Amino acid sequence: AISALSGLPCERATKRPIAVMLASDPEARPLSALGQADMVFEMPVTPGGITRMMAVFQCNTPKEIGSIRSAREDFIPLAQGLDAILVHWGGEKIALDALNRGVIDNIDALKYEGTTFYRKSSIPKPHNGFTSSELLARRIDLFGYRATTSLDPYLHQTAPMDRNLGSLATTIDMPWAQGMDVRFTYDTPSNAYLRTRGGTPEYDAVTKAQVRASAVVLMKTTALFQSDQYIRVNTVGSGTATIWQDGRRIAGLWKKERATATLQFTDSKGAPIAFEPGTLWI
C-alpha cells in the first residue's frame, strides 16, 4: 500500500497518524525521530519568533521520539485535518482546555509520565521528555482510540518534474529568530532538501542521518498576539504558498476551510499540487 501522507510504499498506510509536539530549543537538539516523520509542521509560537514543531508519523515506528513539548492552539486544527492522534506534554491553557474537552484524540504526557513517557537525566528539563512508537501504541490500545483511517489528502508524483531555468531554486531560507533560523539546501543526487538550523546541519539523534524533506511548503498567514509568551497563528483559512520540490520553486495557494478539513495546496490556477514522495515539511 502507499501512504496518503508521504506517497511512499508503507505497510501501515491505513494506520491513523500520530502527531507529536516537538521542541525547537537548542538545548533539545538533536531531536529523536525528526528525520523519520512523514510530515512536519513548523511555526513561530512566541512574539520573538521561537518556533515549535509537530512531527506526524504514520509509516515509521521510531524507537524514541522527543523532546516532547506542550500543545499550542494553532497546531490542533493541523492534526485534526489529518485525523491524527495528538501527543503533547501539557499545553498552554486554551489548547489544554480544548484537548481536555476531547476536540481531538490526544495523549498528554503530564498524565502518563513514568508509563507512556519518560525523562532522560542527561538532558536539562523541560527538554528531556520522550516516548516511543511502542509505548504510544500501548496507550492508544488502552484508550480504545480508533486505529485506522481512510485519509487520502495529497496527490503524489510518479516521476520528478522537469526543471526549467526560470523556476530553479536550490536554497530555502526561513529567517526565524537567531538559532531557530532554517535553511534547506537542495541535494541533486537524492532529489531532497537537506536541513540546517542555526547554521548547523540538523541530525536525527536516532538514525544519525541529516534531516531532509522531499518537498517544502511556506504558507503565508497571519498571527494574533496573545501575551508576552504566546502568539496564535491562523492555520484555518486561506492564503498564498510557495512550494519547493525537485529543485524548483512553485507559486501556489493554501486552503483549510475548517478545523477538521484537510489542509490543501494548489498551484496559482487552482490545480492540486502533486508532491514528490517523501517527507513533506510545512
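The values are calculated or read from the model by the stated rules, or taken from the named source; none is laboratory data. Keep in mind that what you see is a predicted model, and the values were worked out from it rather than measured. We place every Cβ from the backbone using ideal geometry, glycine too, and count neighbours over all the protein chains shown. To get the accessible areas, we keep the full protein, side chains included, count just its heavy atoms, and leave off ligands, DNA and RNA. Shrake-Rupley method; radii C 1.70, N 1.55, O 1.52, S 1.80 Å.
Looking across the stretch 107-126, just one residue is polar (S, T, N, Q) and open to solvent by less than 40 Å² (accessible area, probe 1.4 Å), and that is THR116. Filtering the stretch 246-259 to residues that are at pLDDT 95 or above and either of a type in the set (Lys, Arg) or surrounded by 14 or more Cβ atoms within 10 Å (Cβ to Cβ) (or both) leaves GLY252, LEU253, TRP254, LYS255, LYS256, ARG258, ALA259.
Kindly indicate whether ARG249 is in a strand (DSSP E or B), farther than 19 Å from ALA79 by Cα and among the charged types (D, E, K, R). Spelling it out, ARG249 is indeed in a strand (DSSP E or B), farther than 19 Å from ALA79 by Cα and among the charged types (D, E, K, R). Right, ALA209: among the small types (Gly, Ala, Ser) and open to solvent by less than 30 Å² (accessible area, probe 1.4 Å) or not? No: the conditions fail for ALA209.
Please verify whether the stretch 89-99 includes one or more residues that are among the basic types (Lys, Arg) and at pLDDT below 95. Yes, the stretch 89-99 has at least one match.
The residue that is modelled with the highest pLDDT, counting only those in the stretch 149-166 that are over 18 Å from PHE57 (Cα atoms) and in a loop (DSSP other than H, G, I, E, B), is GLN157. Looking only at the stretch 178-197, residues that are closer than 16 Å to ALA28 by Cα, in a loop (DSSP other than H, G, I, E, B) and open to solvent by less than 40 Å² (accessible area, probe 1.4 Å) come to 2 in all.
Looking only at the stretch 167-177, filter to residues that are β-branched (Val, Ile, Thr) and not in a loop (DSSP other than H, G, I, E, B); which one of those is least open to solvent (accessible area, probe 1.4 Å)? Step by step, filter the stretch 167-177, then rank; the result is ILE172. Which residues, taken from the stretch 227-237, are within 18 Å of THR51 (Cα to Cα) and in contact (Cβ under 8 Å) with a residue 24 or more places away in the chain? If the condition is that a residue be within 18 Å of THR51 (Cα to Cα) and in contact (Cβ under 8 Å) with a residue 24 or more places away in the chain, then ASP228, GLN229, TYR230, ILE231, ARG232, VAL233, ASN234, THR235 are the ones that fit. One residue alone among SER67, SER6 is within 17 Å of the chain's Cα centre (by Cα), under 15 Å from TRP281 (Cα atoms) and in contact (Cβ under 8 Å) with a residue 60 or more places away in the chain, and that residue is SER6.
The residues of the stretch 54-106 that are among the β-branched types (Val, Ile, Thr) and either in a loop (DSSP other than H, G, I, E, B) or surrounded by 19 or more Cβ atoms within 10 Å (Cβ to Cβ) (or both), listed by number, are VAL56, THR61, ILE65, ILE68, ILE76, ILE85, VAL87, VAL103, ILE104.
For the stretch 127-145, the set of residues classified as open to solvent by 20 Å² or more (accessible area, probe 1.4 Å), of a type in the set (Phe, Trp, Tyr) and not in a loop (DSSP other than H, G, I, E, B) consists of PHE143 only. Residue check: TRP281 meets all listed conditions (1) open to solvent by 30 Å² or more (accessible area, probe 1.4 Å); (2) touching a residue at least 24 places away in the same chain (Cβ under 8 Å); (3) under 20 Å from VAL56 (Cα atoms) but one, namely (1). For the residues ILE65, ILE140, the requirement of being farther than 20 Å from PRO30 by Cβ and modelled with pLDDT of 95 or more singles out ILE140. Of everything in the stretch 9-53 that is without any contact (Cβ under 8 Å) to a residue 40 or more places away in the chain and in contact with a helix residue (DSSP H, G or I) (Cβ under 9 Å, 6 or more places away or on another chain), the residue that is most open to solvent (accessible area, probe 1.4 Å) is ARG52. Just one of the listed residues (PRO189, PRO175) is farther than 25 Å from ARG12 by Cα, without any contact (Cβ under 8 Å) to a residue 40 or more places away in the chain and more than 21 Å from the chain's Cα centre (by Cα), and it is PRO189.
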